1. Whole-Hz ³J(HN,Hα) for each residue in segment 198-214, computed from phi via Karplus 6.51 cos²θ - 1.76 cosθ + 1.60 with θ = phi - 60°, x for glycine and proline: what do you get?
2. Under 5 Å between amide H atoms, partner at least 5 residues away or on a different chain: which partners does TYR385 have, H built in plane at 1.01 Å?
3. Under the 0.36 nm per residue contour assumption, what length would be gained going from the current alpha-carbon distance of LEU356 and GLN429 to full extension?
4. Just for segment 1-158, what percent of DSSP beta bridges are antiparallel, to the closest 5?
5. Rounded to the nearest 0.05, what FRET efficiency do TYR252 and ARG443 give with R0 = 25 Å and r taken as the Cβ-Cβ distance? Could you check?
6. For SER29, put the label point 7 Å out on the Cα→Cβ axis and report which residues of segment 244-263 keep their amide N under 18 Å from it.
7. Among DSSP beta bridges whose residues both lie in segment 131-239, state the antiparallel percentage, nearest 5.
8. Using θ = phi - 60° and the Karplus relation 6.51 cos²θ - 1.76 cosθ + 1.60, list the HN-Hα couplings for segment 227-243 in order, rounded to whole Hz, with x at every Gly or Pro.
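Values quoted throughout were computed directly from the atomic coordinates according to the rules given, and no laboratory measurement underlies them. The structure displayed is predicted, hence computed values, not measured ones. Here the Cβ positions follow ideal geometry from the backbone for every residue, glycine too, while neighbour counts run over all protein chains shown.
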Amino acid sequence: MDSRTRLRRLGQLNLADHIEVSTGRKLWSVQHKIATAISVPHSRVAVPSCNASGKTHLAGRIALAFFDAYTPGTPCEHCGGPCRGSKVIATSSKYEHLRDNLFAELRMAYSAMRDNGVVPSGRLLDVELRLDDGPDHFIIGQAADKAEGMQGYHAAHKLILGDEATAITDDVALGVTRLMSAGDARLLLIFNPTTADTYAYTMTKASNVEVIKITSYDTPFFTGEAMPAGANLTSQRFLDDLEAAGMGPGSYEWETSVEANFWDQGEDTLIPVPWVDRSITAPQILGLRQIGVDLATYGDNENVIAFREGNDLVEVRGFPANRQDVFWQTEVMKAVLDFDPHFLVYDADGVGAGVLGYAEQVGRHMPEGGQVIPFRGAGQAGDRYYNSRSAWWWNLRRRFEFGHIRLVTPVDHKARTQLSIPKYSITAQGKIKVETKAEMKKRGENSPDRADAIMYAFAMSEELEQPFMPKPDLVTSYFGVSDHSEDAMWRRAHNMKESPAKELNPVTGTDDYY
């Protein structure tokens, strides 16, 4: 097998690898993730992007890599022999946009491949928006305003590339859907999000579409990855200019151009962004010290430790996913020794189900009467909430709503964004249900690890009025852990009953007197 065939076969497995080998330029992490996602046959990928994210630059390279990988005659597992060809149909609302942006990037990618000794088959036309290698193998730019403009393209492998997909009309969307009806048809939508009344927004809600956002914080200036030569990408200066113009966090411009969010602050948003932002000016109320810990062992998720004192969110520390024994014996232990918390609440579901021994070891270093409390989200929490996770998240919502939480500056922007990710609904039984992480993932959101840790940090001693729930006699009966305080051990030794609780918190089942 010669080197060109090997490269094409590599592209059939992963377009990201093909791009890096053929152009000689490394993709940064979120670009690699997007190109890998669209490498899967029949994939649908939507990419909401911040301003100056390099999305069109990436789209041009993906189009060319797909075109080259599925060159007719190349051995192809999907075709069961020689490849029967491929077509890339790029669409946008305006011809000028395709000509000046997407096809300009495609031409630069073509030159980069040629300079690197890799020459795609076919001829890149000067006048038409077309890379032509015959009737079964081409890339075409189709500025369609009717469904008919998106018909008649049949191929063993198709990539439909919607550039600035928020401008795609319903009629064109119908044509795109028809194109996806047969063969290995893939859909890549790239766009700057605007409002929720667009085709792009609708597609991000579809269960069969993978959503991968490019926020400003995913670009090289903020991630520290190598900045491509000549790149015109977003930077801190752009963010500073937005804030100086009164378009900072919580504004339409910031949400769409920096956070890559649709402007969709609907009634189902659990904690709206403006609530988070105004918490910076909330009054300080000193009180108990508490640590919240969210856990992760693999992937892009984080281990997170959140520190709370009174109503202050003092700090949020994020760490790469890691072995839990290492994380607890190093970072969690250090946090306990430094902060001397009264309580430590950690995620005991999933990964956390196996860390009880490490948690108990850390607990021995807490102040007298301090407790390590495992959080189990599936537990019952009275008649108003679907489960304990919903109840505790609702408690956090009420803190933000009524000014019972203060974010200490500088604000952790990743935490700020994640706090507004969860949505809620009312079940048929009238219970408040906060969506699960799996449901968030279907919407294209990553796991809100930092926000979860903040929720754990504020899970005790709620001052806000809550609905009634059955009152357990012991902390043990609700949390599944023992009360190791001196008084509790003395009472057990003398076979005495716990004294009645004063004003039990309806969610945690403990009193609010420390």
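1. Running phi through 6.51 cos²θ - 1.76 cosθ + 1.60 with θ = phi - 60° gives 10, 4, 4, 4, 4, 5, 5, 8, 6, 5, 9, 10, 8, 9, 10, 8, 10 Hz.
2. ILE432
3. Length gained between LEU356 and GLN429: 22.8 nm.
4. Working: 7 of 15 bridges.
Here the antiparallel bridges make up roughly 45 percent for segment 1-158.
5. Working: r = 20 Å, r/R0 = 0.79.
Efficiency, rounded to the nearest 0.05: 0.80.
6. Inside the label zone: 259-260.
7. 20 percent
8. 7, x, 4, x, 5, 10, 9, 4, 8, 4, 4, 4, 5, 5, 5, 4, 5
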